[in-house]
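Beneath this line is the structure, given in structure tokens, with notes to follow.
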Amino acid sequence: MKPEAYEAWYDSPRGRWIGTVEYALLRSLLRPEPGSSLLDIGCGTGHFTRAFARDVRGHVLGLDPNRDWLDYARTHAAAGEQYVAGLAESLPFPDRSFDYTVSVTALCFVERQQQALRELVRVTRRRFALGLLNRHSLLYLQKGRGGGTGAYQGAHWHTPAEIRTLFAPLPVCNLRLRTAIVLPHGTALGRAVERYWPQSILLGGFLVVSGDLTERSETHAI
């Protein structure tokens with residue numbers, strides 16, 4: 001997919017609604033402070049990087065291996081954020097380089113997931129928020145079965161239990177799992193359900209896990 005086509009989808013009524021709901025959930029769990037540093041791993045066109053850059057007004061950096069998409073992101077930078085090429089499995093930064101890290105569905109397309117998570121945790125000082133695709137969702141039934149269709153082709157869809165297992169050996173605490181986009185069609189009914197559906201009932205297509213960094217090795221899940 002061309003970066004222009006990806007961004008055009010976010011400009012459609014349904015895409016704009018989904019993007020707004022997803023960003024609101026990410027931000028509510030990450031809670032970045034103004035002027036802080038933030039890394040967006042697998043930033044693609046920079047869609048969510050730009051949103052965080054506008055809000056945080058600090059040192060915001062997007063990383064992605066796709067140079068064409070990075071060129072698009074640089075051209076459309078919104079608030080002084082920067083973009084670099086790199087892999088989630090081998091981040092080119094020292095330990096604890098960023099106050100916050102975020103990644104939006106990028107891990108769903110990474111083969112070495114545990115290595116990517118170790119790297120995410122390594123470069124984070126305070127808190128992370130990781131957006132994933134939820135296997136326990138209507139969106140999976142529509143787009144994920146049989147290897148996936150369209151932009152979801154080849155994606156890995158996670159379950160809450162799988163996420164807890166992935167984070168168990170990592171030095172993080174206060175894990176929180178929440179979901180959004182319960183009815184993905186974006187109609188008036190879907191938007192009404194979204195307003196009242198508890199995010200702690202993990203049936204939305206967009207599954208976010210957040211956590212804090214700790215020197216200890218145990219993980220506490222909620």
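No lab work stands behind these numbers, since they all come straight from the coordinates. Because the structure is a prediction, the values reported are computed rather than measured. Neighbour counts run over all protein chains shown; Cβ positions are idealised from the backbone, glycine included.
What to note about this one:
- Within region 116-142, the set of residues being touching a residue at least 12 places away in the same chain (Cβ under 8 Å) and over 18 Å from the mean Cα position of the chain (by Cα) comprises LEU138, GLN142.
- GLU4 being out of contact with any Phe, Trp or Tyr (no Cβ under 6 Å at 6 or more places or on another chain) and either within 18 Å of LEU133 (Cβ to Cβ) or touching a residue at least 60 places away in the same chain (Cβ under 8 Å) (or both): yes
- A single entry from ALA106, ALA79 fulfils the requirement of being within 25 Å of SER200 (Cα to Cα) and in contact (Cβ under 8 Å) with a residue 24 or more places away in the chain: ALA106.
- Top-ranked residue of region 63-82 - restricted to ones that are of a type in the set (A, V, I, L, M) and touching a helix residue (DSSP H, G or I) at 6+ places or on another chain (Cβ under 8 Å), ranked as farthest from GLY35 (Cα to Cα): ALA73
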